[in-house]
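See below for the structure under consideration.
The values are calculated or read from the model by the stated rules, or taken from the named source; none is laboratory data. Because the structure is a prediction, the values reported are computed rather than measured. Here the Cβ positions follow ideal geometry from the backbone for every residue, glycine too, while neighbour counts run over all protein chains shown.
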Amino acid sequence: MAIQTIERTAKQIVLIVQEYSQFAWRALMNLFRPPIYWTDFLTQSDIIGFGSLPIVILSGFFTGGVLALQSSATLSEFGATAVTGQFVSLTMIRELGAVLTGIMVSGRNASSMASELGSMVVTEQIDAMRALGVDPMRKLVTPRVYATIIMLLFLTIVADAFGIMGGAAVTVVLNHQNGTQYFNNAYEHLAYPDIVQGLVKPLFFGYIIASIGCFYGMRTTGGTEGVGRSTISAVVNSSVLIIFIDFLITHILLSLFSS
Amino acid sequence: MSQATVSMPELPPPEGGPVVALRNVAVGFDGPPVIENVSFSVAPAETRILLGPAGVGKSVLLKLILGLLRPLEGSVELFGEDISQMPEEKLFSLRARAGMVFQEGALFDSLTVRDNVAYQLIQEGVHDEEIDARVRDALRFVGLEETFNLFPSSLSGGMRRRVAIARALINQPELILYDSPTGGLDPVTSNTIIELIVKQRDVRATPSLLVTHRLQDAFTLCTHRFSSEQGRMVPLPEGQINHNTTFLMLDEGHLIFDGSLHELVHSDNPFVREFLE
């Protein structure tokens, strides 16, 4: 009995992975065949990009501030508080800017995509769209995927910038250090590989957030309760996958740049 | 009940092959089939009424006809093409030739009535002026011209169904599928909806399949016609029925009746008798 349960669960997991892979691939490839819904792409870019700006600015700023507080406490033991700028900028640009923004946008937008599309499924709006001769994948999913990929790139840059400013604010106001030294140190130690690392990640994270949010939304069953389940699955799975993919990309890029 | 031929000048005589044909169709969802060995067709200018208790798979059959669901067995023909194995991408152009009214209307919440009704036209890139004119025509047909700029959330259940009918009719479909269009509505509103269906049948002669579990609606469709002169639905003379309106009955996933009103009311099938009584 236990073996049958394990077998059934394993088959279900494989089936979900297969369905997700086909779904995500189709969502991506739809951009290369008409019709392409540019208006929906712009609308989603506004919702995802501009709408997420406040949370990204706030989380970026305070994360930078916390990094500066924590690092200066440790660095002061070695008399190296002058490198706080380098520490904050490298950590934000290489890692935290992309990951934090990804998780913030996942919480905000993967959930909204799953619940919006899920509600449309349970109220037969998706079936109505198909009956009217419109492909919901092209109309609803593909614009969301590309809008999230592109907007997450810019949101990550904003988070990086505000993170460095948050670190500067703490360094100058609380730690009473020189601001010019902070920014000079932050800038001088940045290299192209650091920036490439920071800008490649949001492209993958954006794809994960939108494809998972839409995937769980479109396969919603079970009425309003099902919408709730889809929303939870979308946020949890996209957040975990972001961290896992972050690990893989970091490992690959570090090996690539070090060689 | 006696039968007599009704003179209906607006209705062209049925010609050509069936608009819809299901042959030995079975449908299932992760379990035993919910529909088995179902075969029937809808001829041009024909209105078929699919009767049956709730939960026997009537709505499933409608979705099957538009390719929204796939059969486990058998074949489904729409406009002469077998769609049972047709890829989703090829189905969109066929679906666009049909109109479907969903059980609860299935209007898009985030769009106004105008954009809901014009949805297909907007996707086709029709000019705004033409869209506005055609939407107003469609809304006038269902008697809801004043709702043009409203959102679906501000409409009553009956109004939502009528907007859904306007959306299904705007592109002059070659087939209309009505999924319980009067379900959950009061008798007056139900009668308004049935009048619209009769109007569409008699004025435009569009073939249709109507799912319902309300016998009263089904009989009204058979015993009434739309009078263009009076602008409303009127009863046919005593003893006359509309011969282009026929019945199907589904029970426990099987088609147990396919025939005219006369055959229905004289059927010996115990379930049909029980349903009618």
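Taken residue by residue, segment B:152-162 has no member that is within 14 Å of another protein chain (Cβ to nearest Cβ) and assigned to a loop (DSSP other than H, G, I, E, B).
Could you tell me whether segment B:59-79 includes any residue that is surrounded by fewer than 20 Cβ atoms within 10 Å (Cβ to Cβ), of a type in the set (Asp, Glu) and either touching a residue at least 24 places away in the same chain (Cβ under 8 Å) or in contact with an Asp or Glu (Cβ under 9 Å, 6 or more places away or on another chain) (or both)? Yes, that holds for at least one residue. Selection within segment B:80-98: residues that are in contact with an Asp or Glu (Cβ under 9 Å, 6 or more places away or on another chain) and either under 28 Å from residue B:142 (Cβ atoms) or part of a loop (DSSP other than H, G, I, E, B) (or both). The member of this set that is nearest to the other protein chains (Cβ to nearest Cβ) is B:96. Among the residues making up segment B:120-152, those that are touching a helix residue (DSSP H, G or I) at 6+ places or on another chain (Cβ under 7 Å) and β-branched (Val, Ile, Thr) are B:122, B:131, B:135, B:142, B:147. Do any helices (runs of 4 or more DSSP H) entirely within segment A:76-158 hold 2 or more residues that are touching a Gly at 6+ places or on another chain (Cβ under 9 Å) and under 25 Å from residue A:57 (Cα atoms), and if so, which? The helices (runs of 4 or more DSSP H) meeting that bar are A:84-91, A:97-105, A:111-122. For segment B:207-216, the set of residues classified as touching a residue at least 40 places away in the same chain (Cβ under 8 Å) and not in a strand (DSSP E or B) consists of B:207, B:213, B:215, listed by residue number.
Given the condition modelled with pLDDT of 90 or more and part of a loop (DSSP other than H, G, I, E, B), answer yes or no: does some residue in segment B:46-55 qualify? Looking through segment B:46-55, at least one residue is modelled with pLDDT of 90 or more and part of a loop (DSSP other than H, G, I, E, B). Is there a residue in segment B:104-121 that is within 9 Å of chain A (Cβ to nearest Cβ), in contact with a strand residue (DSSP E or B) (Cβ under 6 Å, 6 or more places away or on another chain) and not charged (D, E, K, R)? No: zero hits.
Report yes if residue B:205 is modelled with pLDDT of 85 or more, in contact with a Leu (Cβ under 6 Å, 6 or more places away or on another chain) and surrounded by fewer than 21 Cβ atoms within 10 Å (Cβ to Cβ), otherwise no.
Numbers: modelled with pLDDT of 85 or more: yes; in contact with a Leu (Cβ under 6 Å, 6 or more places away or on another chain): yes; surrounded by fewer than 21 Cβ atoms within 10 Å (Cβ to Cβ): yes.
So residue B:205 passes the test.
Given the condition in contact with a helix residue (DSSP H, G or I) (Cβ under 8 Å, 6 or more places away or on another chain), under 20 Å from residue B:174 (Cα atoms) and of a type in the set (Lys, Arg), answer yes or no: does some residue in segment B:96-112 qualify? No, the conditions are met nowhere in segment B:96-112. Can you confirm whether segment A:140-150 contains a residue that is farther than 30 Å from residue A:28 by Cα and away from every other protein chain (no Cβ under 14 Å)? The answer is no; no qualifying residue exists.
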